[in-house]
Every structure is written in structure tokens, then in C-alpha cells.
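The values are calculated or read from the model by the stated rules, or taken from the named source; none is laboratory data. None of these values were measured; they are calculated from a predicted model. Don't worry about glycine lacking a Cβ; one is built from the backbone with ideal geometry, like all the others, and counts go over all protein chains shown.
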Amino acid sequence: MQHGAYGDRLAASFRLSEPPTLTSHTAGGARMAATELARDEPGYGFTAPIAAEPAYLVGLQLRAVQRHELWLDGRAVAVKPITPGTTHFYDLERNPVAYLPEPFHPLFFYMPRAALAEQAEELGDPGIDDLRHTPGEFLADSVVHQFGLCLLPALHARNEVHQLFVNHVLLADFRAGSCRHRRRSRCRR
């Protein structure tokens, strides 16, 4: 049984099914994943709540969205229009719910806090399992954007993609993204 907000479990919150998904894991066994979600028709509405867990979804936005809303812990969060190529962090312990009246197309990276803590330990900075972010803010992170673009062809050729490729790209994206956005970051470049 799948645990974590990726693949079919994430898609269910968006009333979608069988999304393209790639998974890998850290050396310590924490699951990482990339899930592509897309809807071309307007009028979607509200997402269903995602089960609370100690993890983040890092959303790489692949389509412009002028109007949308976000709630965390039942409270509205100020948002701006979504620009393609921007990144946003969703803390899954804060019960994120979105209202999406327009078509959307994000690529979500699933990042458990256990994986962040494992990476911090490897880098000699133990005790860090959190990301710096401002709820509702979209960032231009070219590294996350390029890794996401690198994974898109693999998401649609699942049977033809070597797992070693998936492992390396997801681990590199996870490491680069989390190093750039961890609290008290002291990542080696």
C-alpha cells in the first residue's frame, strides 16, 4: 500500500487518476517521487484535503494560472498569479487546499521531512528537517525547473526509463532544492 502524497494518492485530491509518477528513495529508505498532474478544462474547483504527514510537496508550475486560491489550516493565504517555471512549497502538515477555476499543470516533487533530516545528517548539519518558504509565494528556482523539465520525458515513457536515471535525477533535484531552501542551510556545492 502506498504511503505519501504522490502518485494515485496525490491525484485523488485533484479528482484525477493514474498520473505519470516516478519514484526513488534515499540511502536511508525515505521515498521521493515526482508526479505530474494536468487538467485542460476550466472550472475544476476545490481540491480535496491531503492527509497530513511530515512532508512537503514542491510544485513546479508548468502552466500559467491567473486566478487561484490557497488555504492552509483552513485560512486563506495571499497568492499571486502563477507563472510557468516557478516553484512553490506546500507543507503537508498545514492541510493545503486549493481552489483552481482555470486549467492547471504542475509537476509535484514529494519530499518527506525524514529525507530532509537524513540529508542534513549526511552534510554534517543534523536536526534540520524543514524548508524556508513563505506560504503562497512562488519562486523562480531555475535548478528545480531544469530538473523538472529533464524528468518530463521520463514521466511519459515509464517502461523505457532506466531506474538509475530516475534515482540520480530525483536525488539531484531533491539535494539541490532542499539545499537551496533548508533552514540554516550549510550545503556543500
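If I ask for residues that are of a type in the set (G, A, S) and either more than 18 Å from the chain's Cα centre (by Cα) or not in a strand (DSSP E or B) (or both), which ones from the stretch 46-81 would you list?
Start the filter on the stretch 46-81 by keeping residues that are of a type in the set (G, A, S), which leaves 48, 51-52, 55, 59, 64, 74, 76, 78.
Within the stretch 46-81, A48, A51, A52, A64, G74, A76, A78 qualify.
Quick one: count up the residues across the stretch 151-170 that are surrounded by 12 or more Cβ atoms within 10 Å (Cβ to Cβ) and either in contact with a strand residue (DSSP E or B) (Cβ under 8 Å, 6 or more places away or on another chain) or modelled with pLDDT of 90 or more (or both).
Step one: of the stretch 151-170, the residues surrounded by 12 or more Cβ atoms within 10 Å (Cβ to Cβ) are 151-152, 154-155, 161, 165-170.
Still in the running and either in contact with a strand residue (DSSP E or B) (Cβ under 8 Å, 6 or more places away or on another chain) or modelled with pLDDT of 90 or more (or both): 151-152, 154-155, 161, 166-167, 170.
Matching residues across the stretch 151-170 total 8.
Only a single item in (1) farther than 21 Å from A98 by Cβ; (2) at pLDDT 85 or above is not met by H145, and it is number (1). Look at (1) part of a loop (DSSP other than H, G, I, E, B); (2) within 30 Å of E118 (Cα to Cα); (3) more than 16 Å from the chain's Cα centre (by Cα) and you find that G85 fails only one, number (3). The listed residues are L16, L10, L62, and the only one of them that is surrounded by fewer than 18 Cβ atoms within 10 Å (Cβ to Cβ) and either within 27 Å of A157 (Cα to Cα) or touching a Phe, Trp or Tyr at 6+ places or on another chain (Cβ under 9 Å) (or both) turns out to be L16.
Remark: E69 matches the filter, which requires a residue to be surrounded by fewer than 20 Cβ atoms within 10 Å (Cβ to Cβ), in contact with a strand residue (DSSP E or B) (Cβ under 8 Å, 6 or more places away or on another chain) and under 21 Å from F138 (Cβ atoms). Once the stretch 50-71 is narrowed to residues that are in contact with a His (Cβ under 8 Å, 6 or more places away or on another chain) and among the aliphatic types (A, V, I, L, M), the residue that is farthest from Q146 (Cα to Cα) is V58.
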